[in-house]
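The values are calculated or read from the model by the stated rules, or taken from the named source; none is laboratory data. Note that this is a predicted model, so its numbers are computed, not measured. Neighbour counts run over all protein chains shown; Cβ positions are idealised from the backbone, glycine included. For the accessible areas, the whole protein counts, side chains as well, though only heavy atoms, and no ligand, DNA or RNA atoms are used. Shrake-Rupley method; radii C 1.70, N 1.55, O 1.52, S 1.80 Å.
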Amino acid sequence: AINSLLRNTGLAVYCTWIPGVGDIPDALEQLNPELLITFNTSAEDLMEIASVRDRVAQSVPLIVVRDQTDEATISNDISHGARDSVSMRHPERIQTVVRRELRAFRMERTLTSTLNAAQDYRHQLETVLRRSKDAIAQVQEGIVVEANTSWLELFGFHDAGALIGQP
């Protein structure tokens, strides 16, 4: 039902049934899902699923689908680790919640990837600065933020600390 509901709204989905909580870690590692959906799950099982998810793939959203929900049920499900709780009686809300959670997950994944790439580039820059025999100074908005040993020697500085932060 969920597969059809999401496909009919234009979402390209591929649903995989995971038979038990013990199978979730392998599924999270092998399938790399963007979303977990559980059906009519007890509070104890929901907490266990959320705990496994948090250990293996913390950023993957977890949504609970119930036959019917109310504010107390939604609040309880969220407090037990779900991102939201929806009812099969309101398919348009299911679609909206799934779209929201997929968008948030994808944005977080992109941001994490971008930050990791920036850290890698920063590390590469630091390596070039350390190993280069050429005199190199890094200047941002007219202020010296970093200089390698060759640059310090060329301009007669003994310590970069006296130079960093200067125009």
Tell me which residues, restricted to the range 110-142, are of a type in the set (A, V, I, L, M) and in contact with a helix residue (DSSP H, G or I) (Cβ under 7 Å, 6 or more places away or on another chain).
-> A135, I136, A137
Which listed residue, of A147, A135, is surrounded by 13 or more Cβ atoms within 10 Å (Cβ to Cβ) and touching a strand residue (DSSP E or B) at 6+ places or on another chain (Cβ under 7 Å) | A147
Restricting the range 50-64 to residues that are surrounded by 14 or more Cβ atoms within 10 Å (Cβ to Cβ) and under 12 Å from R83 (Cβ atoms), the one farthest from the chain's Cα centre (by Cα) turns out to be V64
For the range 135-156, pairs from a residue that is closer than 15 Å to Q124 by Cα to a residue that is charged (D, E, K, R) and in a helix (DSSP H, G or I), with Cβ under 7 Å and 6 or more apart or across chains, are N148/R130
Tabulated pairs, the range 32-46, first under 19 Å from R100 (Cβ atoms), second hydroxyl-bearing (S, T, Y) and modelled with pLDDT under 95, C-beta under 8 angstrom, 6+ apart or interchain = P33/T16
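Residue-by-condition table, conditions (1) aromatic (F, W, Y); (2) under 30 Å from the mean Cα position of the chain (by Cα); (3) exposed (fewer than 10 other Cβ atoms within 10 Å of the Cβ); (4) part of a helix (DSSP H, G or I):
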position: S75; (1), (2), (3), (4): no, yes, no, yes
position: A82; (1), (2), (3), (4): no, yes, no, no
position: A118; (1), (2), (3), (4): no, yes, no, yes
position: V139; (1), (2), (3), (4): no, no, no, no
position: G156; (1), (2), (3), (4): no, no, yes, no
position: P167; (1), (2), (3), (4): no, no, yes, no
Please find, within the range 6-32, the residue that is farthest from the chain's Cα centre (by Cα) out of those that are farther than 17 Å from S51 by Cβ and open to solvent by less than 50 Å² (accessible area, probe 1.4 Å).
-> T9
